[in-house]
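Engineer: Input: one structure, supplied below.
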Amino acid sequence: MSKRKAEVIRDVAAVKSRRVAADASDDMNHQRPSSSSLSRSSTGDIGLIESISLKNFMCHHELGPFEFGPNVNFIVGNNGSGKSAILTALIVGLGGKATVTSRGVSLKDFVKSGENTADITVKLRNRGPDAYKRDVYGDCILIEQRLFCDGSRACKLRSKSGHLVSNKKEELATILDHFNIQLDNPVSILNQEMSKQFLHSKSESDKYKFFMKATLLGQMKRDYIHIKHTKTVTRQQVERQKECLKDLRQEFLQKKERYESLSSFSEMKVALENLKKSMAWCLVREKEQFVQQLKEDIEKEENNNQHQNNLKLCHTKVVQAEKKLQCVESRIDSLRGEQESLSEDSLKQREQVTVISKAHKDQELVYFRALNKLKQSEQEQNLLQEKITKAKTSVSLNDETEYAKQQKTISSLKEQLAELETKCSQLNQEIKNKHQALFKGKEERDKLRLEERNIQVLYTSKLKRKNQLLASRSNKLKRFGDHVPDLLGSIAEAYAKGRFLKKPVGPIGACISLKDPTLAVAVECCLRSFMKAFCCDNYKDEAVLQELMSPYYPRGNRPQIIVSPFSEKVYNIHERKAYHPEHPTVLDMITASSPVIINCLIDMRGIESILIIKEKDKARRVMQQGRPPKSCREAFTAEGDQAYSNRYYTSDVSMAKYLGGDLETEISMLESDLENHQAQLSRFQLHVNSVTEDIQNMESKLISTVMTLRKTLASVNQIKATITELENASEEQSDDISSLEEVAQENGQKIEAEKQVVNEAKKELDKHQKIAEDTESKYSSIRQRIEQLPEDMEPLKDEQLKLEAECAKHQRNLNILENKLKAHEDNIHAMKCELAQREEELQDYVAKATEISPERQQVTGSTKSLDTEITRLNRKIKVLESSHGEHEQVVREYAESLTLYREKANQVRDLRRFINQLDNIMSDRQNRYKVMRRSLSVRCKLYFNSFLIKMNCCGSMVFDHNNETLSILVKPPGREDDGVSDMRSLSGGERSFSTVCFMLSLWEITESPFRCLDEFDVYMDMHNRRISLDLLLELSERQHLRQFVFITPLTTSNLPKTSLIKIHQLQDPERVRSDTTDEDA
């Protein structure tokens, strides 16, 4: 409707005249017989649907093309065959919206599933004298619509030959307007949904709106409302024009006043010339002052040596810091070298301890053997002395019987002696073997105890870490220490009391977060002790913070405090930041809640120049194989390894302590590790106990064996003494005392030699004992030193980090100071250039001032005041010149303003007269509109009653135009006396027939090139359907210039055979055909 509002005033009369002519023609045709109607042209000329074809539309791959007849067309088919799809495609193909079809809310709903586009082609007849641009389009107009799956559409208008004429929707709207095709008018196209709404509608106002929409009376009413609104707006504009007249009158009076006022202004011109001379020399004076000030500024800047002094001081600090850093790095490298050498010495010393211990045990056996041999020789000497004594006292020999007994006893004792000596050798070998097994057992026990202590230390540290994580479930700050939440509470309380100038920030680790959680170990290894550090703005706040920390931390164990002025913006590190196309810096990977944290880490750690490279090989390749990236000092891997350009340090950290993302996962991992450590401790304890028990058993067995050996040796000595005594007793008297004394003397010499051997063995044993003790002591001192080295290296590493941060900070300050010095020198150079330029400008100003006034003027005022006075005089002189020197121009302007004022006054008067005339016209139009509305409603009633009579029904239509309601009363045959006559009491078929009668009544009083009805007979019985078809065919015969399209799922076998009726039988859908095939099978 909106596209024709601009033309509604000039088109209403033409439309009404065409309708009246058409109604008159319809009435005449209604009275004439059908044979006379066929004598004229039997078909319409414009707007008829010649054909329609569909592709990928709704659920149909391809339908058509359907060639429609010029008069009556029936589209017949089962449900799902595409009957309603053809009607929907007709609306969409002619440019209708998706909502008008009542089959979808968007055009994309009409594209077949699985396809990207749907195509619709509609051919409209374009013949006769009323054809639309026949020279362009020809006898028919092809309308092609392509629908896309995103809800958009593309329209193409082609001529009969297929030539593309236009692709604009405005052209299509003009064509539909010319053919009087109204897509949203139910008289033209009545689909199932609108018919169902009408059948089931309980509102009389909805029926009235349906009538108004069908007869276009509703559009006329809206057009009249629009005209009234436009008239109101025009009246308001007229009132505004009246206000403009007042301004025009005021302008006219001002020009009249200028014309009447003339005076002399020569004095003003003289004063103006004097002011211009003063102005010229005033500008010269200001330029001279500016040049003098510029010279003073240049001299002051040249005498300012503060930048050079600061640069020298900063350079000295950089050199000192680098020397300290080199010293610390050399100490760390020396400690690392010492650690490596001590590790090698420890392994060698341990092997040496093993060898020396074995040698000591062997020497101990040698000593004990020599000692036992000495004791045996001494016993033999004692026996020999006793024998000599007995020999001296005994002078007679035993008889032969005693000698035989003695020989027998001696042989028996010698056999026992041989057995005991064999047993002694076996016991010696057994003691040697047990000594070796005992040494190996003790060595194994020492190893197990050392490993047990290491696991115990690891278990204790992880248990402590687990307790911290469990406590951090409720408070994440407990990751940084059990006292951190209380400390932060004390800081907040102190800040609230005003003890801090600015509230300290920390711990730093709690104030940062990672963009990539997998790099937590790398970031923690980079920041190290800074994770628990705090930031203060000044030293006063630092002293207060130290006082607050003292109750929570013992002396020397508190977190680090960094003092640096707080800044609200992050430093500009663009020039000194490390850049790499693949690997980010630590600064890129962290985000902080405050710029203070970022600035502190830039100052203290230089995170903008530290890269994070996940893989070890890439880190070595980037940092050591070639030149490192610009401004990059070091890099860290994802495992925490630290890579420099000339060295590489492996990290001993395996898990993030502070920045771990998943708390529960870390706790579960710690619990699993603790369980493993606990199980290892249990196994080690069982193993140690088992080894200790074996050692005790071996020691007890060794002692038992030694005691057995001693008893056996005593038995051997005793048997030897007995044998010797018996042998001495059986000797002949010839064995005199002298020979025994010679043997005793030889035994004495032998004993002396054996004593010397025992002493040497003792000395050798003591020597081995001392060597073993010295070696063990040296090995213990090496192990202690190895354990002490990491503790000694830790403060050096922290000091190295601090010195590296300090060097980076001094280097940044040095760059800043160099830039400031360069800027200072550039500023002096720029000021000198500006001075030369200003001096040239001063010479120009002096030359120009001399041209204006050769003598220099003494000026007291400023250029601004002189300029204001000159402007005022110029404005006043111009006003006076315009009124005095150009009299004819003032008169002309006065006449023009008078003419303009009068023209505007006449326009306002004419507009007011036009609005009054429009009121009268609109009043007459509204009266005619009411007459036309009454006429159409009466004709609709008459046609409705006449159609009901065909079915032997009686009924009526009651229009209430004031309340805008329409009541339809129908009484079927045999129920004329019933009190109920509402359509809701009718059956489905009766209501469908009533709908058809109502539609036929509307068709009789309206015009359209074609009319479409969708499933109008679906609820009718055969009797009502036959009557309805007869009425439709009779109407189509009377209105032979119009085209009719009827859609029905029922049979059309009872229709008359005539050339005016064309039946389109649609094929059954795929699912119906498949079901039929199955049944036949």
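The values are calculated or read from the model by the stated rules, or taken from the named source; none is laboratory data. All values reported here derive from a predicted model rather than from experimental measurement. In this analysis, Cβ positions are derived from the backbone assuming ideal geometry, glycine residues included, and neighbour counts consider all displayed protein chains. What goes into the accessible areas is simple: the full protein's heavy atoms, side chains included, and nothing from ligands, DNA or RNA. Shrake-Rupley method; radii C 1.70, N 1.55, O 1.52, S 1.80 Å.
Engineer: Which value, to two decimals, describes the C-alpha radius of gyration of region 537-637 once divided by 2.2 N^0.38 Å?
Structural biologist: For region 537-637, the normalised Cα radius of gyration comes out at 1.37.
Engineer: Quickly work out the Met1022-to-Leu900 label distance, labels modelled 7 Å from Cα along the C-beta direction, and quote it in nm with one decimal.
Structural biologist: About 8.8 nm, to one decimal.
Engineer: Show me the trypsin sites (Lys or Arg not before Pro) within region 519-576 that DSSP assigns to loop and that have at most 10 other Cβ atoms within 10 Å of their Cβ.
Structural biologist: Listed in order of number, the matching sites are Arg555, Lys569.
Engineer: So what are region 270-355's ellipsoid semi-axes, whole angstrom, largest first, if each one is the square root of 5 times an eigenvalue of the alpha-carbon gyration tensor?
Structural biologist: 82, 11, 4
Engineer: Using only protein heavy atoms and a 1.4 Å probe, report how much of Ser609 is accessible, in Å² to the nearest 10.
Structural biologist: 10
Engineer: While we're here: Evaluate the Debye formula for region 52-153 with equal point scatterers sitting on the alpha carbons, no solvent, and hand back log10 of I(q)/I(0) at q = 0.25 Å⁻¹, in q order, two decimals.
Structural biologist: Normalising to I(0) and taking log10 leaves -1.34.
Engineer: Could you sort Ser425, Ser631 by their accessible area in this structure, using a 1.4 Å probe and putting the largest first?
Structural biologist: Greatest to least solvent exposure: Ser425, Ser631.
Engineer: Which whole-percent values make up P(r) of region 139-230 when all C-alpha to C-alpha distances are grouped in 10 Å steps starting at zero?
Structural biologist: Going from the shortest bin to the longest, the percentages are 13, 29, 29, 24, 4, 0.
Engineer: In what order, largest first, do Asp135, Asp1068, Asp482, Asp541 sit by accessible area if the probe radius is 1.4 Å?
Structural biologist: Accessible-area ranking of Asp135, Asp1068, Asp482, Asp541, largest first: Asp135, Asp482, Asp1068, Asp541.
Engineer: With 27 Å as the limit, write out which pairs from Lys540/Lys569; Lys276/Lys300; Lys440/Lys755; Lys502/Lys569; Lys324/Lys630; Lys408/Lys755 have Cα-Cα distances beyond it, or answer none.
Structural biologist: In this structure, Lys276/Lys300; Lys440/Lys755; Lys408/Lys755 lie more than 27 Å apart at Cα.
Engineer: What fraction, in whole percent, of alpha-carbon pairs in region 436-577 exceed 27 Å separation?
Structural biologist: Value for region 436-577: 41 percent of Cα pairs lie more than 27 Å apart.
Engineer: Assuming 0.36 nm per residue, please report the length gained on full extension of the stretch Ser715 to Glu582 beyond their Cα-Cα distance.
Structural biologist: 39.0 nm
Engineer: From the cross-link list Lys207/Lys1062; Lys361/Lys447; Lys442/Lys711, which pairs have alpha carbons spaced over 26 Å apart?
Structural biologist: Lys207/Lys1062; Lys442/Lys711
Engineer: Would you calculate the separation in nanometres between label points at Gln917 and Tyr644, each defined as 7 Å from the Cα along the Cα-to-beta-carbon direction?
Structural biologist: If labels sit at Gln917 and Tyr644, their model points lie 10.2 nm apart.
Engineer: Please list, or write none, the lysines whose alpha carbon is within less than 16 Å of the alpha carbon of Lys476, excluding same-chain residues fewer than 8 places away.
Structural biologist: Lys476 reaches Lys464, Lys466, Lys532, Lys657.
Engineer: What order, most packed first, do the peptides 998-1011, 923-936, 64-77 have when packing is the mean number of other Cβ atoms within 10 Å of each residue? Before the final figure, lay out the partial values.
Structural biologist: Values: 998-1011: 22.1, 923-936: 13.9, 64-77: 20.0.
Output ranking for 998-1011, 923-936, 64-77: 998-1011, 64-77, 923-936.
Engineer: Whose amide H sits under 5 Å from the amide H of Val111, counting only residues 5 or more places off or on another chain, with H placed in the peptide plane?
Structural biologist: Result for Val111 returns Met58.
Engineer: How would Tyr845, Tyr658 line up by accessible area, probe 1.4 Å, largest first?
Structural biologist: Solvent-accessible surface, decreasing: Tyr845, Tyr658.
Engineer: Moving to a separate point now. Which percent of Cα-Cα pairs in region 611-714 sits in each 10 Å bin, short to long?
Structural biologist: For region 611-714, the binned pair fractions read 12, 20, 16, 15, 13, 10, 9, 4, 1 percent.
Engineer: In whole Hz and in residue order, list the ³J(HN,Hα) couplings for region 771-778 that follow from phi through the Karplus curve 6.51 cos²θ - 1.76 cosθ + 1.60, θ = phi - 60°; x for Gly and Pro.
Structural biologist: Per-residue couplings from phi come out as 4, 4, 5, 4, 5, 4, 5, 5 Hz.
Engineer: Tell me the volume per residue, in Å³, of the convex hull enclosing the alpha carbons of region 744-814.
Structural biologist: Here the figure is 60 Å³ per residue.
Engineer: Once the mean 1/r over all distinct Cα pairs of region 204-352 is inverted, what Kirkwood radius in angstroms do you read off? It would help to have the intermediate numbers written out before the result.
Structural biologist: Numbers: mean 1/r = 0.0337 Å⁻¹.
Answer for region 204-352: a Kirkwood hydrodynamic radius of 29.7 Å.
Engineer: By how many nm would the segment from Lys848 to Tyr552 grow when fully extended, if each residue of separation counts as 0.36 nm and the alpha-carbon distance is taken off?
Structural biologist: Result for the pair: 98.4 nm of gain on full extension.
Engineer: Still on this model: I need two numbers for region 97-152: Rg to one decimal and Dmax as a whole number, Cα atoms only, in Å.
Structural biologist: Final numbers for Rg and Dmax: 15.2, 46 Å.
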